Structure formats: structure tokens, C-alpha cells
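*Asks:* Quick one: this structure, given as C-alpha cells, is what I'll be asking you about.
The values are calculated or read from the model by the stated rules, or taken from the named source; none is laboratory data. Just so you know, these numbers come straight off a predicted model, no measurement behind them. With ideal geometry, Cβ positions are generated from the backbone for all residues, glycine too; neighbour counts draw on all protein chains shown.
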Amino acid sequence: MSARGAIPSQRTAPGAALGDDEAPRARRRVPAAERREELIAAAVHEFAQGGLHGTPVERIARRVGVAQPYVFSLFSNKRELFLAAIDRSFQRVADTFRAAAEDYREGRAADCEDALEAMGRAYKRLLIDDRDYLMLQHQSYAACDDEVVRVRVRHRYAQLLDLAQELSAADPEQLDDFFRHGMALNVTAALGVEDLSIGCDWVQDELN
């Protein structure tokens, strides 16, 4: 066939620009700080389910879409990632307390007797709305056989006590009652019940 009658080649010449539909999409490089936040969020969920010892790091990595070795480029070991998740959990509670206390000061919690009551109600909503943070609390206490974890949990719990006192100006006895009630709420929320007393319906149903 002559050159004049030849079918034009459909190949794109080297260096020629591709059309909009053909241009390869460049993958966005995720900054390490952003990826770290994604890993902590994934760790909160996974550790809430499996705890420190029952959660493979590979599962957390898959949830974010990275390889396990990358996780260890940001966290030296699984325990460090667990501690970061614990910090995030306690910070979430602290933020909840701050927001509730501010609502009370600004008159947005008029049905509450004081800031402490507003904080307690907000905490109860948190336990219902975000079960991961509830279960991670339980997992953090369960992991306290590890001395490093125990030291961190004690420190964060002490900080939470101090913050509650600062926000509410409550006396020590009121604060003690507040946190005892909060611990009871953790148990009722985990069990999916409203009451823990011996005479409540679900306890009697279990015993009969």
C-alpha cells in the first residue's frame, strides 16, 4: 500500500500531550502527620475491639491502606500506637467536658443544676454515640498489667480529675461522686443496660 493510502497511526508520538481522559492521575502524597492521624483514628477503633494484645498492627495498617512497615516508621512499636490511641480517648473525654462546661456558662444547658451535671450528661451521650471510645477505656484499664501503659493511664486519669475540678469548681466529695457515677456509666453502657442495682429487671431476669 502506498504512503498516501496508509491508515494514519493511532499511537501518540513520544512526548506528545495526552488528552484529559487519558492523562494518568498522580497519586497525592499524604504527609506523615496526616497519615499519623489516620493511623491513630484506626487504632482507636481496632484496639477498642481487640485490645493491646489481641490487635495485629497489620489490621490497623490495612484499615488506613498502608503497609505494616510504614506504621513502624511513625510509631516505634505497637504499644506506642496503643498509647497514642489512649491519649486520643482521654482527650475526647476532656474535650467533651470542656464543651459541656462552656454550654452551661453560656446558658445553653439551662436544665442542668451546675456545670458538673452538664458534663455528666455530655459524657453519657458520648458513651452512647461513640462506642469505640467507651470500649477503648475498658481496654486501657485491662492493659494496665503493662507498667508503661499503667503509668500513662494513671497520668491521663489524674489530668481528667484535675480538669473536671477546674471546670466545675466542685468540692472533692462532689468530684468523687461524679467519677464513681461515671465508672458505673461505663459498665452500664458496655452491658447495654440502664441500671446495675440488684433489684433491677435485667438482673432478676438473669437470676431466674
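*Asks:* Looking at ARG121, ARG98, ARG79, ARG105, which is the one that is closer than 24 Å to GLY54 by Cα and of a type in the set (Lys, Arg)?
*Replies:* ARG79
*Asks:* Picking from ARG108, ARG156, which residue would you name as being among the basic types (Lys, Arg) and either assigned to a helix (DSSP H, G or I) or touching a Pro at 6+ places or on another chain (Cβ under 8 Å) (or both)? Even if it seems obvious, please write down each step before you answer.
*Replies:* Details: ARG108 fails: either assigned to a helix (DSSP H, G or I) or touching a Pro at 6+ places or on another chain (Cβ under 8 Å) (or both).
The unique qualifying residue is ARG156.
*Asks:* Can you tell me how many residues in the stretch 180-203 are part of a helix (DSSP H, G or I), touching a helix residue (DSSP H, G or I) at 6+ places or on another chain (Cβ under 7 Å) and of a type in the set (A, V, I, L, M, F, W, C)?
*Replies:* 3
*Asks:* A further question follows. Please verify whether the stretch 81-101 includes one or more residues that are of a type in the set (A, V, I, L, M), surrounded by fewer than 18 Cβ atoms within 10 Å (Cβ to Cβ) and without any contact (Cβ under 8 Å) to a residue 24 or more places away in the chain.
*Replies:* Yes, some residue in the stretch 81-101 is of a type in the set (A, V, I, L, M), surrounded by fewer than 18 Cβ atoms within 10 Å (Cβ to Cβ) and without any contact (Cβ under 8 Å) to a residue 24 or more places away in the chain.
*Asks:* Have a look at VAL153, VAL193 and point out the one that is of a type outside the set (D, E, K, R) and at pLDDT 95 or above.
*Replies:* When all the criteria are applied, what remains is VAL153.
*Asks:* Let me ask something additional. Pull out all pairs, ordered by first then second residue, where Cβ-Cβ is under 6 Å, the residues are six or more apart or on different chains, the first lies in the stretch 132-148 and is under 10 Å from SER89 (Cβ atoms) and part of a helix (DSSP H, G or I), and the second is of a type in the set (Lys, Arg) and at pLDDT 95 or above.
*Replies:* Matching pairs, first to second residue: TYR133/ARG92.
*Asks:* Restricting the stretch 140-198 to residues that are among the aromatic types (Phe, Trp, Tyr) and closer than 17 Å to ALA85 by Cα, which is surrounded by the fewest Cβ atoms within 10 Å (Cβ to Cβ)?
*Replies:* First, the residues of the stretch 140-198 that are among the aromatic types (Phe, Trp, Tyr): 141, 157, 178-179.
Keeping just the survivors that are closer than 17 Å to ALA85 by Cα gives 141, 157.
On the way: TYR141: 14, TYR157: 16.
Only one residue fits best here, namely TYR141.
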